[in-house]
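Derivation of every value follows stated rules applied to the coordinates shown; laboratory data play no part. The shown structure was predicted, so the numbers you read here are calculated from the model rather than taken from an experiment. No Cβ is skipped: glycine too gets one built from the backbone with ideal geometry, and neighbour counts run over all protein chains shown.
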Amino acid sequence: MTSTRLLKYLFLTALVIIPGSLFSQELNCNVQISAQQIQGSNRQVFENMQRDVYEFMNNTVWTNHVYTYSERIECNYLINLTDQLSADEFTGTIQIQLKRPVYNTTYNSTILNFVDNNFKFRYVEFQPLEFDPSTYRSNLVSVLAYYTYIILGFDYDSFSPDGGTEYFQMAEKIVSNAQNAPETGWKPYDGSRNRNRYWLVKNALDKGYEGVRQFTYEYYMNGLDKMESKTSEARTNIVESLKLVQEVYRKKPDPFMYLVQIIIDAKSDELVNIFSESFPEEKSRVVEILNEIDPANKTKYGKITSAN
């Protein structure tokens, strides 16, 4: 690896691995908790909940890598509470968003943006949120930690091939620890159409989905990161990266392919913007691929070929 390429890689990965006990928090996580659907409650509890979740996400050390403040990974946890079952028991949804800076630009690209509709947990005011990777303590802590490692896994995958494997394995361990939890979302049969926490990390670590993780790397390092300097080459590389997902889609490792859906959903608008300015042949080629792997968004992808 040349010195120039090495410096670029270190800049992009935004981390330095060092020995010893020096650590720094990895996330710049925005936390928003909405409880508008819950009436007649003490509103202070929701403010305290948001503060505690924010501090847990941003003050916990999740890896053995060192980040400066400006290098932290940008993510959002949007928790929408729909019901309060008791003084300290709640149900709702949690939306997970992950963004990644694109090299040599001010643009942040969305890697993940999806909702987990199966979120039930207990929250006791003034009781600290503490994560122990070896055991299940509470559904709130386990869900937050699980999605943190999903975020880390996909972020690292975008900088090096299969770079996020150890973090997906951590998420898998959290799933394993939660198999006897009373709350749903952790077991193979929870939810519908194999779309839950169990299946998301299972897909991520399944060799049958390896092309999806390769896509994440190729899409960013050889696609978006080159858009500023080599636009035509970058678009061509993005088309090639989509073929990796197409191969997985055609092999259908399972009937529902939750991982494929999550990854492509997060990219659909961005892909329309990227290829709307392409030449006709390339537009037709990419729309054909997208319509096959993401038929639910055919109308959206039609904007690519209709753009001048």
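Taking amide H atoms as placed 1.01 Å from N in the peptide plane, the amide H of GLU89 lies under 5 Å from those of TYR123, each 5 or more residues away in sequence or on another chain.
Filter the chymotrypsin sites (Phe, Trp or Tyr not before Pro) in segment 184-227 down to the DSSP loop ones having no more than 14 other Cβ atoms within 10 Å, then list what survives.
Working: sites: TRP186, TYR189, TYR198, TRP199, TYR209, PHE215, TYR217, TYR219, TYR220; in loops: TRP186, TYR189.
When the chymotrypsin sites (Phe, Trp or Tyr not before Pro) of segment 184-227 are filtered for loop state and at most 14 Cβ neighbours within 10 Å, TYR189 remain.
Exposed loop positions in the chain were taken to be GluC sites (Glu not before Pro) whose DSSP state is not H, G, I, E or B and which have at most 14 other beta-carbon atoms within 10 angstrom. Between these positions, the longest stretch is 1-124. On C-alpha positions alone, give me the angle between the axis of helix 3-13 and the longest principal axis of the chain, in degrees, nearest 10. Helix 3-13 sits roughly 40 degrees off the main axis of the chain. In whole angstrom, the chain maps to an equivalent ellipsoid with semi-axes of 34, 24, 19, each derived as √(5λ) from the alpha carbon gyration tensor and ordered largest first. With a threshold of 24 Å on the Cα-Cα distance, the over-threshold entries among LYS207/LYS283; LYS187/LYS243; LYS120/LYS207; LYS187/LYS298; LYS120/LYS173; LYS99/LYS251 are LYS207/LYS283; LYS187/LYS243; LYS120/LYS207; LYS187/LYS298; LYS99/LYS251. Could you tally the net charge around ARG285, taking each other residue with its Cβ under 13 Å from the Cβ of ARG285, Lys/Arg +1 and Asp/Glu -1? Surrounding charge for ARG285 is -2.
For segment 82-177, the Cβ-based charge dipole about the Cα centre amounts to some 160 debye (Lys, Arg positive; Asp, Glu negative; other atoms uncharged).
Legend: translational diffusion of segment 24-172 by Stokes-Einstein, Rh = Kirkwood radius over C-alpha pairs, 25 °C, 0.890 mPa s; D = 152 µm²/s.
Remark on GLU26: its backbone amide H falls under 5 Å from those of TRP62, a criterion applied only to residues 5 or more positions apart or on other chains, H modelled at 1.01 Å from N. Residues with beta-carbon under 13 Å from that of GLN95, excluding GLN95: net charge, scoring Lys, Arg +1 and Asp, Glu -1? With Lys, Arg at +1 and Asp, Glu at -1, the neighbours total -2.
Overall, segment 211-308 carries a charge dipole of about 220 debye about its Cα centre when +1 sits on the Cβ of Lys and Arg and -1 on the Cβ of Asp and Glu, all other atoms neutral.
Looking at segment 225-308, the trypsin sites (Lys or Arg not before Pro) that sit in a DSSP loop and have at most 14 other Cβ atoms within 10 Å of their own Cβ are LYS230.
For the chain, take the longest principal axis of its alpha carbons; what is the angle in degrees between that and the long axis of helix 139-157, to the nearest 10 within 0 to 90? It works out to around 20 degrees.
Filter the trypsin sites (Lys or Arg not before Pro) in segment 156-208 down to the DSSP loop ones having no more than 13 other Cβ atoms within 10 Å, then list what survives. Filter output for segment 156-208: ARG193. Angle of helix 231-251 to the longest C-alpha principal axis of the chain, folded into 0 to 90 degrees and rounded to 10: 60°. Projecting the Cα positions of TYR249, VAL287, TYR217 onto the charge dipole of segment 211-308 (unit charges on Cβ atoms of Lys, Arg, Asp and Glu, taken about the Cα centre) puts TYR249 furthest along the positive direction.
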